[in-house]
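What follows is one structure encoded as structure tokens, with my remarks underneath.
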Amino acid sequence: MIYDLHTHTNCSDGELSAHELADRAITRGVNALSITDHDTVLAYRQLDGVNLKGLTLIPGIEFSAIWQKMGVHIIGLNINPNHGAIGEGVSRQQQARRLRAEKIAERLEKAGLANALAGAQQQAGTAELSRPHFAKFMVESGFSKSIEQAFKKHLGAGKPGDIKTWWPTMAETIHWIRDSGGIPVLAHPHKYWLTRSKLIALLDDFVLAGGMGMEVLSGPQDKNQTAQLRDLSIQKGLLASMGSDFHSPKTGWCYPGMHTQMPAACKPVWTAF
Ligand code: AMP
Ligand code: MN
Ligand code: MN
Ligand code: MN
């Protein structure tokens, strides 16, 4: 069985439609797929009633949240996307994204970029407005050299466009997920660039708030990171999840089904589905 429990579509900041992603996952040999778009479950409505040729869909979402003034991502797996608690979370997040986008645009305009909100909105189309949409507009308008530069100078952690004011606390997102019958999973723990003791503090707070799992494999990562995350999941009694965090076919090193084997000592999250 190949599981990919972290992927994105163009309902958030991914490139592919839900149908295209499902097709690509099937081609790559994925047996169980979770689409975990940022703060939306729209992809599940789009795939309602579609024949997925034996592919099992595990309903999921990736919520943006804050922990100790830092942005963190909390995945909900095996949620009921139609549950009121998820609906409440999604509408809260939509409002947060709108308010945040206005503030990001204001800051980018101060930095010399005109029409940032309309430009990003146009990039997003009907998708949830997110920082990569701003980044694309910044590149297309010649304001930034590349997406990477746009994040490095303006949108990334600690930069003016990194605004967390409206995000809920980590505990709130855990409650939405638990209330809907889902499993809260801390996304990509190695991507917050925390010291070991700070990462342990995050995991302890996560468990205290009702968190149940963590990603042990997330996108491309090296052996040392995998060993560290494996050991932490065991020490903290957390279920282990894995996923590609796939966004776009342009990144050939990150694709649906890229992880095929959970470290043997871990308790896989799917044993709790
Ligand atoms: P948002 O959900 O609006 O806060 O945007 C965060 C998203 O931006 C992440 O989920 C990534 O997909 C993307 N992202 C974050 N950092 C970078 C980066 N340095 N380069 C490209 N994309 C990034
Ligand atoms: Mn993303
Ligand atoms: Mn994430
Ligand atoms: Mn993600």
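Summary of values
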| quantity | calculated |
| --- | --- |
| Which listed residue is at negative phi and either within 22 Å of the chain's Cα centre (by Cα) or not charged (D, E, K, R) (or both), from Lys103, Lys110, Lys145 | Lys103 |
| Top-ranked residue of region 160-201 - restricted to ones that are surrounded by 15 or more Cβ atoms within 10 Å (Cβ to Cβ) and of a type in the set (Lys, Arg), ranked as nearest to Pro59 (Cα to Cα) | Arg178 |
| Positions within region 24-59 being more than 20 Å from the chain's Cα centre (by Cα), surrounded by 14 or more Cβ atoms within 10 Å (Cβ to Cβ) and not hydrophobic (A, V, I, L, M, F, W, C), in sequence order | Arg28, Asn31 |
| Residues within region 243-270 that are β-branched (Val, Ile, Thr), within 16 Å of ligand 4 (Cβ to nearest atom) and in contact (Cβ under 8 Å) with a residue 12 or more places away in the chain, tallied | 1 |
| Strands (runs of 3 or more DSSP E) completely within region 1-94 that count 2 or more residues being modelled with pLDDT of 95 or more, farther than 21 Å from Asp179 by Cα and more than 16 Å from ligand 4 (Cβ to nearest atom) | none |
| Search result, residues across region 77-116 that are in contact with a helix residue (DSSP H, G or I) (Cβ under 7 Å, 6 or more places away or on another chain) and either among the acidic types (Asp, Glu) or within 16 Å of ligand 1 (Cβ to nearest atom) (or both) | Glu88, Gly89, Ala101, Glu102, Ile104, Ala105, Leu108, Glu109, Ala116 |
| Given (1) at positive phi; (2) in contact with a Lys or Arg (Cβ under 9 Å, 6 or more places away or on another chain); (3) of a type in the set (A, V, I, L, M, F, W, C), index of the condition Leu155 fails | (1) |
| Region 30-67, subset of a type in the set (Gly, Ala, Ser) and away from ligand 2 (no atom under 16 Å from the Cβ), residue nearest to Met1 (Cα to Cα) | Ala32 |
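The values are calculated or read from the model by the stated rules, or taken from the named source; none is laboratory data. If you're wondering where the values come from, they're calculated on a predicted model, not measured in any experiment. Methodologically, a virtual Cβ is constructed for each residue, glycine included, from the backbone with ideal geometry; neighbour enumeration extends over all protein chains shown.
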